[in-house]
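Coordinate-derived values only; no laboratory data. None of the values given here were measured: they were computed from a predicted structure. Ideal geometry is used to build each Cβ from the backbone, glycine not excepted, and the neighbour counts take in all protein chains shown.
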Ligand SMILES: Nc1ncnc2c1ncn2[C@@H]1O[C@H](COP(=O)(O)OP(=O)(O)OP(=O)(O)O)[C@@H](O)[C@H]1O
Ligand SMILES: [Mg+2]
């Protein structure tokens, strides 16, 4: 059992490309840390450095107190499950799971015990005699996980292990991964580019972009208090609506296009930093669920929009709407230059509205805006404005 600690870890590939920059990350013993971010942000590189498959260019990797920078991979007691796991097609499930144990000279009896236990935990007890070709995709994935957990590693690393599965199986396996991780109780790093997977699975989630850690915290805090525009746009589906706005002279109003939205004293008290932005542009972020349709008797802040499209999902309706405030597209933040995006988007904003509220495209709609849930960001640095 061990914790993992990365201190100022960087990776420069031989061609000079800096894939990971000054990464600080602590994973407690037993913790499931998810590393999430768009393709190419350095997730796999981080895992490979922890596994010892890739040399660390700068910084320290520790398991517990021990610095392992120069410890060869085979001496690290780390098990890894990859996206493209390979099973031996001629071997049955039991032999596939136990393969690594034979290599490690674990006694036959002990190996048999561990394989049986892993198969039980993973729901594979009934198929131990089958060959990989006779298994479903989800079962094959579980065999790959079984092979990793029978080693009883002190650290568990998973790199997009579910991305080959269809959507439904992925959801099932997600729960299974969480269960297995809890049962084996070792420090785990799980890499994915899927924010839903990250949010549902991680005890904590580290969001990366362009080799840099953006924020690392519990899923709820990432959602409620994103540190910057990138995290705000990346976490949550449908994504947070981002508008170009301005703070009026008295800090009591935020201006969104032609609309003026009063900010309560508690909002101002919670974000004293807004004072620095009087008469200045800010980016205003509003989550789709913080825009319920106003019912006429509401006395609080209201945002109006023109409905472009309504998607009825049964449990809710997604109302796509426009205002005359400039929209900021979260994806624009994905561009390599690292600056906050200010591109106009062709897409509309989205609100989650009660399915029983009658609304159709072409209408004007009023939303009852929960102003204490609005996020504010600096348009130049992209950082959230709090203090
Ligand atoms: N051996 C290498 N030499 C040079 N550059 C590399 C090498 N391996 C990876 N890279 C680059 O480093 C960056 C990070 O790669 P990495 O595989 O860690 O990304 P990732 O976040 O895992 O992406 P994905 O979600 O697509 O798997 C990418 O830009 C990639 O092109
Ligand atoms: Mg990868």
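Length gained on full extension, residue 86 to residue 370, computed as 0.36 nm times the residue gap minus the Cα-Cα distance: 97.2 nm.
As a length-normalised measure over Cα pairs under 8 Å and 6 or more apart, the relative contact order of the chain settles at 16 percent.
By the beta-carbon count within 10 Å of each Cβ, the least crowded to most crowded order of 217, 306, fewest first, is 306, 217.
May I ask for the angle, rounded to the nearest 10°, between helix 93-103 and the longest principal axis of the chain, with both axes built from Cα atoms and the value confined to 0 to 90°? In the chain, helix 93-103 runs at an angle near 70 degrees to the longest axis. With the Kirkwood sum run over all distinct C-alpha pairs, the stretch 230-377 has a hydrodynamic radius of 15.8 Å. Computed over the stretch 4-226, relative contact order equals 31 percent, with contacts defined as Cα pairs under 8 Å that lie 6+ residues apart. Within the stretch 2-31, list the residues whose amide N lies under 15 Å from a label point set 7 Å along Cα→Cβ of residue 39. No residue passes the distance filter.
Each of 82, 156, 234, 243 has some number of other Cβ atoms within 10 Å of its Cβ, and from fewest to most they run 82, 243, 156, 234. Highest average first, the peptides 172-180, 100-108 ordered by how many other beta carbon atoms sit within 10 Å of their residues are 172-180, 100-108. Roughly how tilted is helix 108-121, in degrees to the nearest 10 and between 0 and 90, from the longest Cα axis of the chain? The answer is roughly 30 degrees. Residues 327, 1 in ascending order of nearby Cβ atoms (within 10 Å, fewest first): 1, 327.
For the peptides 28-36, 289-297, the ranking by mean Cβ contacts within 10 Å, running from highest to lowest, is 28-36, 289-297. Rounded to the nearest 10 degrees, the inclination of helix 167-184 to the longest alpha-carbon principal axis of the chain is 60 degrees. Summarised as an ellipsoid, the chain has semi-axes of 46, 25, 16 Å, derived from the eigenvalues of the Cα gyration tensor scaled by 5 and square-rooted, with the largest first. Given their separation in residues at 0.36 nm each and the Cα-Cα distance between them, residue 175 and residue 13 gain 54.8 nm when the chain is fully extended.
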